[in-house]
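The values are calculated or read from the model by the stated rules, or taken from the named source; none is laboratory data. Because the structure is predicted, anything quoted here is derived from the model rather than measured. Cβ placement follows ideal geometry from the backbone for every residue including glycine, while neighbour counts extend to all protein chains displayed.
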(Lines give C-alpha, C1' and ligand atoms only; values in the text may rest on other atoms or scores of the structure.)
Protein backbone atom coordinates (compact mmCIF):
# COMPACT_ATOMS: atom_id res chain seq x y z
CA UNK A 1 0.00 0.00 0.00
CA UNK A 2 2.87 2.42 0.79
CA UNK A 3 4.45 1.84 -2.63
CA UNK A 4 1.12 2.59 -4.29
CA UNK A 5 0.80 5.91 -2.45
CA UNK A 6 4.36 6.93 -3.36
CA UNK A 7 3.82 6.02 -7.00
CA UNK A 8 0.59 8.03 -7.10
CA UNK A 9 2.29 11.00 -5.44
CA UNK A 10 5.20 10.96 -7.91
CA UNK A 11 2.84 10.69 -10.87
CA UNK A 12 0.82 13.65 -9.60
CA UNK A 13 3.96 15.76 -9.14
CA UNK A 14 5.17 14.96 -12.66
CA UNK A 15 1.79 15.93 -14.11
CA UNK A 16 1.82 19.23 -12.24
CA UNK A 17 5.42 19.95 -13.29
CA UNK A 18 4.61 19.22 -16.91
CA UNK A 19 1.57 21.50 -16.79
CA UNK A 20 3.63 24.30 -15.28
CA UNK A 21 6.15 23.99 -18.09
CA UNK A 22 3.38 24.29 -20.68
CA UNK A 23 1.85 27.28 -18.89
CA UNK A 24 5.22 29.07 -18.90
CA UNK A 25 5.37 29.04 -22.72
CA UNK A 26 1.87 29.82 -23.98
CA UNK A 27 3.14 31.76 -26.99
CA UNK A 28 5.07 28.78 -28.35
CA UNK A 29 1.84 26.84 -28.88
CA UNK A 30 0.84 29.22 -31.67
CA UNK A 31 3.71 28.40 -34.01
CA UNK A 32 3.93 25.07 -35.84
CA UNK A 33 6.72 24.18 -38.28
CA UNK A 34 6.70 22.59 -41.72
CA UNK A 35 8.82 22.52 -44.88
CA UNK A 36 8.37 23.39 -48.54
CA UNK A 37 10.48 23.36 -51.72
CA UNK A 38 10.40 25.45 -54.89
CA UNK A 39 10.88 24.29 -58.49
CA UNK A 40 14.69 24.40 -58.04
CA UNK A 41 14.39 22.25 -54.92
CA UNK A 42 15.43 25.10 -52.63
CA UNK A 43 14.12 24.19 -49.19
CA UNK A 44 12.15 26.53 -46.94
CA UNK A 45 11.26 25.99 -43.31
CA UNK A 46 7.68 27.17 -42.84
CA UNK A 47 5.82 28.28 -39.74
CA UNK A 48 2.11 28.48 -38.97
CA UNK A 49 1.47 31.87 -37.38
CA UNK A 50 -2.07 32.38 -36.13
CA UNK A 51 -3.94 31.19 -39.18
CA UNK A 52 -1.37 31.42 -41.98
CA UNK A 53 1.59 29.26 -43.02
CA UNK A 54 4.59 31.48 -43.87
CA UNK A 55 8.07 30.91 -45.23
CA UNK A 56 10.66 31.69 -42.54
CA UNK A 57 13.14 32.95 -45.14
CA UNK A 58 13.03 35.04 -48.30
CA UNK A 59 12.37 33.47 -51.68
CA UNK A 60 15.50 32.27 -53.52
CA UNK A 61 14.09 30.88 -56.76
CA UNK A 62 15.57 31.82 -60.18
CA UNK A 63 12.81 30.13 -62.17
CA UNK A 64 9.15 30.88 -62.64
CA UNK A 65 6.65 28.26 -61.52
CA UNK A 66 6.44 26.88 -65.08
CA UNK A 67 10.21 26.39 -65.28
CA UNK A 68 11.07 29.47 -67.35
CA UNK A 69 14.30 31.22 -66.35
CA UNK A 70 14.13 34.66 -64.74
CA UNK A 71 16.75 37.08 -66.01
CA UNK A 72 19.65 37.80 -63.64
CA UNK A 73 20.58 41.50 -63.62
CA UNK A 74 24.27 41.42 -62.72
CA UNK A 75 25.18 45.05 -63.36
CA UNK A 76 23.55 48.39 -62.62
CA UNK A 77 22.96 48.84 -66.33
CA UNK A 78 21.25 45.45 -66.68
CA UNK A 79 19.04 46.15 -63.68
CA UNK A 80 17.95 49.55 -64.99
CA UNK A 81 17.42 48.22 -68.52
CA UNK A 82 15.26 45.34 -67.26
CA UNK A 83 13.01 47.75 -65.38
CA UNK A 84 12.76 50.28 -68.19
CA UNK A 85 11.85 47.51 -70.65
CA UNK A 86 9.45 45.64 -68.37
CA UNK A 87 11.66 42.53 -68.10
CA UNK A 88 11.30 40.32 -64.99
CA UNK A 89 14.64 40.18 -63.17
CA UNK A 90 16.35 39.13 -59.97
CA UNK A 91 19.69 39.86 -58.33
CA UNK A 92 21.74 38.83 -55.33
CA UNK A 93 21.66 41.28 -52.39
CA UNK A 94 24.61 43.62 -52.97
CA UNK A 95 25.37 41.43 -56.03
CA UNK A 96 26.94 38.94 -53.60
CA UNK A 97 25.89 35.31 -54.06
CA UNK A 98 27.08 34.45 -50.55
CA UNK A 99 24.54 36.89 -49.11
CA UNK A 100 21.72 35.01 -50.84
CA UNK A 101 22.29 31.99 -48.62
CA UNK A 102 20.93 34.06 -45.73
CA UNK A 103 18.92 36.79 -47.43
CA UNK A 104 17.42 35.12 -50.50
CA UNK A 105 17.09 37.14 -53.72
CA UNK A 106 15.81 40.59 -54.66
CA UNK A 107 13.17 40.76 -57.41
CA UNK A 108 11.96 43.62 -59.56
CA UNK A 109 8.32 44.60 -60.01
CA UNK A 110 7.96 42.72 -63.28
CA UNK A 111 9.08 39.42 -61.76
CA UNK A 112 6.50 39.97 -59.04
CA UNK A 113 3.68 40.61 -61.54
CA UNK A 114 4.53 37.98 -64.17
CA UNK A 115 1.66 35.56 -64.81
CA UNK A 116 4.05 32.58 -64.98
CA UNK A 117 4.14 32.74 -61.18
CA UNK A 118 7.02 33.66 -58.89
CA UNK A 119 5.81 31.76 -55.82
CA UNK A 120 6.08 27.95 -55.72
CA UNK A 121 3.03 25.83 -56.52
CA UNK A 122 0.58 25.89 -53.62
CA UNK A 123 1.96 29.20 -52.35
CA UNK A 124 1.49 32.88 -53.14
CA UNK A 125 3.35 36.13 -52.57
CA UNK A 126 2.17 37.55 -49.26
CA UNK A 127 -0.59 40.15 -49.39
CA UNK A 128 -0.79 43.48 -47.59
CA UNK A 129 -3.70 42.10 -45.54
CA UNK A 130 -1.63 39.09 -44.43
CA UNK A 131 1.16 41.39 -43.28
CA UNK A 132 -1.39 43.58 -41.52
CA UNK A 133 -2.63 40.53 -39.61
CA UNK A 134 0.92 39.88 -38.38
CA UNK A 135 1.19 43.49 -37.29
CA UNK A 136 -2.16 43.58 -35.51
CA UNK A 137 -1.53 40.31 -33.65
CA UNK A 138 1.94 41.26 -32.43
CA UNK A 139 1.69 44.67 -30.84
CA UNK A 140 0.72 46.98 -33.68
CA UNK A 141 2.70 49.00 -36.22
CA UNK A 142 5.28 50.40 -33.80
CA UNK A 143 5.93 47.18 -31.88
CA UNK A 144 5.45 44.17 -34.17
CA UNK A 145 9.02 44.30 -35.45
CA UNK A 146 10.27 42.88 -32.17
CA UNK A 147 8.29 39.66 -32.68
CA UNK A 148 9.12 39.34 -36.40
CA UNK A 149 12.83 40.22 -36.51
CA UNK A 150 15.58 37.64 -36.27
CA UNK A 151 17.66 37.62 -33.11
CA UNK A 152 20.84 38.45 -35.05
CA UNK A 153 21.86 40.45 -38.12
CA UNK A 154 20.27 43.84 -37.39
CA UNK A 155 22.42 46.94 -36.89
CA UNK A 156 21.77 49.69 -34.31
CA UNK A 157 20.86 47.15 -31.58
CA UNK A 158 17.83 46.36 -33.71
CA UNK A 159 17.63 42.59 -33.23
CA UNK A 160 14.24 41.14 -32.37
CA UNK A 161 12.91 38.42 -30.09
CA UNK A 162 11.71 36.38 -33.12
CA UNK A 163 9.03 34.82 -30.92
CA UNK A 164 6.97 34.18 -34.07
CA UNK A 165 9.88 32.34 -35.75
CA UNK A 166 9.23 34.57 -38.78
CA UNK A 167 12.96 35.45 -38.83
CA UNK A 168 12.77 38.76 -40.70
CA UNK A 169 16.21 39.87 -41.91
CA UNK A 170 17.48 43.27 -43.11
CA UNK A 171 18.27 42.45 -46.75
CA UNK A 172 18.05 45.94 -48.24
CA UNK A 173 16.56 47.05 -51.56
CA UNK A 174 17.66 48.03 -55.07
CA UNK A 175 16.60 51.21 -56.85
CA UNK A 176 16.13 51.99 -60.56
CA UNK A 177 19.76 52.95 -61.22
CA UNK A 178 20.95 49.64 -59.79
CA UNK A 179 22.30 51.01 -56.52
CA UNK A 180 21.63 49.09 -53.32
CA UNK A 181 20.15 51.38 -50.67
CA UNK A 182 18.97 50.99 -47.06
CA UNK A 183 21.19 47.96 -47.21
CA UNK A 184 21.96 44.71 -45.49
CA UNK A 185 21.87 45.13 -41.73
CA UNK A 186 19.82 48.32 -41.75
CA UNK A 187 16.46 47.70 -43.47
CA UNK A 188 14.26 44.84 -44.55
CA UNK A 189 11.96 45.42 -47.56
CA UNK A 190 9.38 43.01 -48.95
CA UNK A 191 6.98 43.12 -51.86
CA UNK A 192 3.33 42.32 -51.31
CA UNK A 193 1.08 41.03 -54.07
CA UNK A 194 -1.44 43.80 -53.37
CA UNK A 195 -1.53 46.50 -56.07
CA UNK A 196 -1.77 50.18 -55.20
CA UNK A 197 -4.93 51.75 -56.62
CA UNK A 198 -4.33 54.22 -59.46
CA UNK A 199 -0.56 53.67 -59.30
CA UNK A 200 1.89 51.38 -61.11
CA UNK A 201 3.20 49.52 -58.13
CA UNK A 202 2.39 47.23 -55.24
CA UNK A 203 2.36 47.84 -51.50
CA UNK A 204 5.68 47.06 -49.84
CA UNK A 205 6.65 46.35 -46.24
CA UNK A 206 9.47 48.11 -44.40
CA UNK A 207 11.26 47.08 -41.20
CA UNK A 208 14.09 49.38 -40.04
CA UNK A 209 16.86 48.46 -37.62
CA UNK A 210 16.48 51.62 -35.54
CA UNK A 211 13.12 50.66 -34.01
CA UNK A 212 10.39 47.99 -34.08
CA UNK A 213 8.24 49.63 -36.74
CA UNK A 214 6.55 47.45 -39.37
CA UNK A 215 5.23 49.79 -42.02
CA UNK A 216 3.12 48.89 -45.06
CA UNK A 217 3.97 51.61 -47.57
CA UNK A 218 2.30 52.72 -50.80
CA UNK A 219 4.97 55.03 -52.23
CA UNK A 220 7.17 52.47 -54.00
CA UNK A 221 6.35 51.17 -57.46
CA UNK A 222 7.68 49.60 -60.64
CA UNK A 223 11.22 51.02 -60.27
CA UNK A 224 12.32 49.14 -57.11
CA UNK A 225 13.55 45.71 -56.10
CA UNK A 226 12.63 44.01 -52.83
CA UNK A 227 12.65 40.61 -51.14
CA UNK A 228 9.64 38.27 -51.25
CA UNK A 229 7.93 36.15 -48.58
CA UNK A 230 5.38 33.47 -49.46
CA UNK A 231 2.20 32.26 -47.76
CA UNK A 232 0.45 28.94 -48.32
CA UNK A 233 -2.69 29.06 -50.50
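Residue 82: under 28 Å from residue 45 (Cβ atoms) and surrounded by 17 or more Cβ atoms within 10 Å (Cβ to Cβ), yes or no? In short, no.
In segment 148-161, the residues that are at positive phi form Cβ pairs under 6 Å with partners that are modelled with pLDDT of 95 or more, at six or more places apart or across chains, as follows: 153/169; 156/209; 156/210.
For the subset of segment 36-63 comprising residues that are over 14 Å from residue 232 (Cα atoms) and assigned to a strand (DSSP E or B), which member is farthest from the chain's Cα centre (by Cα)? Within segment 36-63, the match that is farthest from the chain's Cα centre (by Cα) is 63. Taking the numbered list (1) in a strand (DSSP E or B); (2) at pLDDT below 95 in turn, residue 183 passes all entries but (1).
The residues listed here are 114, 136; of these, the one that is touching a residue at least 12 places away in the same chain (Cβ under 8 Å) and either farther than 17 Å from residue 47 by Cα or touching a helix residue (DSSP H, G or I) at 6+ places or on another chain (Cβ under 8 Å) (or both) is 114. The residues of segment 126-147 that are out of contact with any strand residue (DSSP E or B) (no Cβ under 6 Å at 6 or more places or on another chain) and over 12 Å from residue 49 (Cα atoms), listed by number, are 129, 132, 136, 139, 140, 141, 142, 143, 144, 146. Scanning segment 197-222 for residues that are within 22 Å of residue 73 (Cβ to Cβ) and modelled with pLDDT under 95 yields 200, 201, 220, 221, 222.
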